[in-house]
Amino acid sequence: MKHGGKRTGAGRPRGQGQFGESTKPIRLPESMVEPVLKFVKNKGYKLPLYGSKVAAGSPAATDDHVEAHLDLNEYLVQNPLATFLVRVSGKSMIDAGIQENDILIVDRALQAAHGKIVIAAVDGQLTVKRLHKENNQVFLMPENKNFKPIEIKEGNEIFIWGVVTNVIHAI
């Protein structure tokens with residue numbers, strides 16, 4: 001008599017489990033088990049995007065047609081391995097729509113160019129400002145008339161952490 005190994009007709013038929021398809025065992029770090037299970041249970045993190053636009057002026061007729069389902073990671077993050085989130089403190093960027101306690105999505109892989117909003121460390125102090133380059137001078141510009149630009153002078157240590165790509169603003 002043969003012991004162990006594959007037996008004809010043994011086990012659950014393919015496609016009969018809770019997922020309705022074949023499964024594959026994988027190894028995960030223990031710290032990731034719960035988030036992965038939650039992701040699978042929720043069938044990802046895709047949220048419905050309705051086809052109708054919401055009028056910001058006069059009210060408009062709507063329908064309840066779901067155009068697509070968006071995974072906010074795919075929609076908001078271009079370079080996952082180079083992206084991080086940071087919470088805002090202060091009011092120097094309110095005219096750019098960045099408020100106290102907003103969460104900024106920052107991409108380290110993007111080029112910090114003139115006119116871009118960046119996260120910068122100036123002499124070890126973090127700030128969010130608009131990068132401004134003019135005549136070989138560099139300024140970090142606030143978007144609030146009550147704040148002064150930060151001029152980067154010789155001797156200042158500046159490190160650009162990344163470019164702000166999106167703002168998550170709770171109301």
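A few notes on this one:
- Put in order of Cβ neighbour count within 10 Å, fewest first, the listed residues Leu81, Leu37, Leu104, Leu110 become Leu81, Leu37, Leu110, Leu104.
- Over 27 Å apart at the Cα level, from the set Lys6/Lys41; Lys116/Lys148; Lys91/Lys133; Lys6/Lys38, are Lys6/Lys41; Lys6/Lys38.
Values quoted throughout were computed directly from the atomic coordinates according to the rules given, and no laboratory measurement underlies them. This structure is a prediction, so every number in the text was calculated from the model and none was measured. FYI the Cβ positions are ideal-geometry reconstructions off the backbone, even for glycines, and counts take in every protein chain you see.
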